[in-house]
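Encoded as structure tokens, the structure appears first; notes follow it.
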Amino acid sequence: MSLIPPPGSIIAADWHRCADSKEYFSKILRKMRRKNFGLLESPVMPPHVAVDTVHYKIFISGKSGVGKTTLAARLAGLNIPNMHYETTGIETTVVYWPVKLRESGRVLFFRLQLWDCGENALRRFDHLLPSCKEQVDAVLFLFSFTDRMSFDDLSNQIAKWTGPSVGRVVKLVVGTKFDLFMHCDVAERDVRNFQETWSLPVLRTGGEVSDGLGDVAPILNCLAENLWHQDCVTAGSAGHHTQQETGTLF
């Protein structure tokens, strides 16, 4: 397993707040809200601005009810469902996120195709999990801060995505419903112990969406940073400093 890069060591973590980012982020916004991109749609930049797009497939893993569909909607800037429903099959959501590489100053659009599959559907249909694993680049393992069983199940989730058959995959953990501290079943001490044991980043999400960027930036930046680092390692780069032309460019 390649070492996890320190946060902000590869990409500018708060770039979405900088003036020079507005031209790029304006292409994923409409009237201060996120645009909804279909499978064949993409941000359109002016001809004089050359921006490469790197494509990645992300699978969202977790027990039923932890908020997989809600997280996908939050990351894409879509309306968050008011009621929980079990995802009956595979749902995909496209997220575009511009980043600026710290050393070279190069800007990239990350196209993240999020795959969300219901837990019961995975159990009933054997072909769904292999489809989700095919050419996957990263997995987001979800647990809910209000559901201790979902946290205890993380080791089982991770085990399914470990081994030679899976290949090199970025693994991140996301704790949902972090704002419901009155009903919290997972202590910060437990999270710290988990991080020390598994050496995986644990991110947090929950609450209302405000500007649509600041709420999701920590997760999307962390995901982009680890994906880019993984590509550099896979390409045989001597660390991330060389910033080679990696990723699936289109």
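Values quoted throughout were computed directly from the atomic coordinates according to the rules given, and no laboratory measurement underlies them. Since this is a predicted model, take the numbers as computed values, not measurements. Methodologically, a virtual Cβ is constructed for each residue, glycine included, from the backbone with ideal geometry; neighbour enumeration extends over all protein chains shown.
Couple of notes before you dig in:
- Overall Cα dimensions of the chain - principal axes, largest extent first, Å: 51, 42, 38
- Across the chain, the relative contact order, built from alpha-carbon pairs under 8 Å that are at least six residues apart, equals 23 percent.
- In the chain, helical runs assigned H by DSSP with n ≥ 4 each contribute -39500 (n - 2.57); averaged across all residues and rounded to the nearest 500, the mean residue ellipticity at 222 nm is -7000 deg cm²/dmol.
- Over region 129-215, relative contact order from alpha-carbon pairs under 8 Å, at least 6 apart, %: 32
- Debye equation applied to the C-alpha atoms of region 33-84, log10 I(q)/I(0) at 0.24, 0.29, 0.32 Å⁻¹: -1.09, -1.25, -1.29
- Under 15 Å from the residue 131 label point (7 Å along Cα→beta-carbon), backbone N, region 51-77: 59-60
- Taking trypsin sites (Lys or Arg not before Pro) across region 23-101, the ones in a DSSP loop with at most 15 further Cβ atoms lying within 10 angstrom of their Cβ are 31, 35.
- Exceedance of the 23 Å cut-off in Cα-Cα distance is limited, within the set 57/100; 133/177; 27/177; 68/160; 35/160; 68/100, to 133/177; 27/177; 35/160; 68/100.
- Sparse packing (at most 15 other Cβ atoms within 10 Å of the Cβ) combined with a DSSP loop state is found for the following trypsin sites (Lys or Arg not before Pro) in region 119-189: 168.
- Exposed loop sites here mean GluC sites (Glu not before Pro) with a DSSP loop assignment and at most 13 other beta-carbon atoms within 10 Å; the chain contains its longest site-free run at 135-207.
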